[in-house]
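Only one structure is covered here, and it is reproduced in the block below.
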Amino acid sequence: MKFNVSRDAFLKPLQVVSGAVERRHTLPILSNLLLQIEGDRLRLTGTDLEVELVSSVAVNAAGGDGAVTVPAKKLVDIVRSLPEDSNIEFSAEEDKAFVRSGRSKFKLSTLPADDFPNIDDWTSDINFVSDQVVLKRLMEKTHFSMANQDVRYYLNGMLFETDNGMLRSVATDGHRLAMSSCAVEQPGLAQKQVIVPRKGVVELLRLLGEEEAEVSVAIGNNHIRIENETIVFTSKLVDGRFPDYRRVLPSGGDKIVVADRDLLRQAFGRASILSNEKFRGVRLNLASGELCITATNPEQEQAEEVIEVDYQGEELEIGFNVSYLLDVLNNVDDNEIRFTLADSNSSALIEPNHDDSCCYVVMPMRL
């Protein structure tokens, strides 16, 4: 197996697929990338048995089709360290691979391509096409609410729901919830809920670009696949039942506060400096036309911020984790934010004032 390829063309797909590879793994072959020559295309695959990434690049191949696996991190580091615009000659024979460029030579140990695990064949129930920017924004507006290593394993991921022309993403860690939705131009889209694991969500956010481009989405019972012109991303799904998020959405709140998002974000950011590092609690005191934010810590230090808000209801005191509020404010595009509150013991519903495509629920804290 032999091929020639420019360093610059080789590096990007190499970095993309190596994102799926775990540094420490019980199976040595999972530290490797699978390289396959088919005609004049080199196909690269990386996997950790949960997420699989495939990309390809045009090469000048000699010696026919073939396949080999090579250590992912070492190959990426070698190619990255070579001079820009250099040319790479790759060859593999028996259990060794050789990388040559100019006067640099590297010999790497390989493992048989036949031992490389493939994600099982599967069929999709739901297929639609979206714009990668739309899909990325949908995930960005909710991903920060995913749980991390929670014993309730179904919370360590993001719910994707298709429902009558809508695609919805929902994430919760039990203390807060984020929901976002977008229209999908696909008539007769069936209703389905799947949970994409945390690693899959993080990889997708890394892979999806900022320029408009179509991506095709296929969802099966145990897998999701998202594909564009250069990358095929496949992830296993979390086998579990996501909580009924509709029951969490608060209703009946009669206290509505509208505030400038940037002013609020800056005030919370300053107050958080003196909040308790462990509990991150801040106290909100609402009165007609103004909001007072107070943070204290065990050293008896205190921060106080007062900002003007649009509020005409009764006075209210309520506590929140300031990190949860800042996460929402940092991921909303609207200039104004709307809080709907009922009392000091009820969750807050937070929404952009001029955008109904996303909403957030944050549970209160006792301070």
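The values are calculated or read from the model by the stated rules, or taken from the named source; none is laboratory data. Given the structure is predicted, the values throughout are model-derived calculations rather than measurements. Glycine gets a Cβ as well: all are built from the backbone with ideal geometry, and neighbour counts include every protein chain shown. To get the accessible areas, we keep the full protein, side chains included, count just its heavy atoms, and leave off ligands, DNA and RNA. Shrake-Rupley method; radii C 1.70, N 1.55, O 1.52, S 1.80 Å.
Using the structure shown, decide if residue 282 is more than 25 Å from residue 250 (Cα to Cα), β-branched (Val, Ile, Thr), over 24 Å from the mean Cα position of the chain (by Cα) and assigned to a strand (DSSP E or B). So residue 282 does not fit the description; no. For the subset of segment 280-295 comprising residues that are more than 11 Å from residue 320 (Cα to Cα) and touching a Cys at 6+ places or on another chain (Cβ under 9 Å), which member is least open to solvent (accessible area, probe 1.4 Å)? Filtering first and then ranking leaves 286. Just one of the listed residues (336, 277) is farther than 27 Å from residue 134 by Cα, over 24 Å from the mean Cα position of the chain (by Cα), touching a residue at least 12 places away in the same chain (Cβ under 8 Å) and open to solvent by 20 Å² or more (accessible area, probe 1.4 Å), and it is 277. For segment 296-328, taking the residues that are more than 28 Å from residue 179 (Cβ to Cβ) and not acidic (Asp, Glu), the one that is surrounded by the fewest Cβ atoms within 10 Å (Cβ to Cβ) is identified as 300. Taking into account only those residues within segment 153-173 that are part of a loop (DSSP other than H, G, I, E, B) and at pLDDT 95 or above, which is surrounded by the fewest Cβ atoms within 10 Å (Cβ to Cβ)? The selected residue is 173. Mind listing just one residue for me: the one in segment 35-75 that is out of contact with any helix residue (DSSP H, G or I) (no Cβ under 9 Å at 6 or more places or on another chain), open to solvent by 50 Å² or more (accessible area, probe 1.4 Å) and of a type outside the set (D, E, K, R) and, of those, nearest to residue 13 (Cα to Cα)? My answer is 60. Taking (1) over 20 Å from residue 200 (Cα atoms); (2) within 26 Å of the chain's Cα centre (by Cα); (3) open to solvent by less than 50 Å² (accessible area, probe 1.4 Å) in turn, residue 17 satisfies each apart from (1).
Of all the numbered requirements in (1) closer than 26 Å to residue 197 by Cβ; (2) in a helix (DSSP H, G or I), residue 8 misses one, and that requirement is (1).
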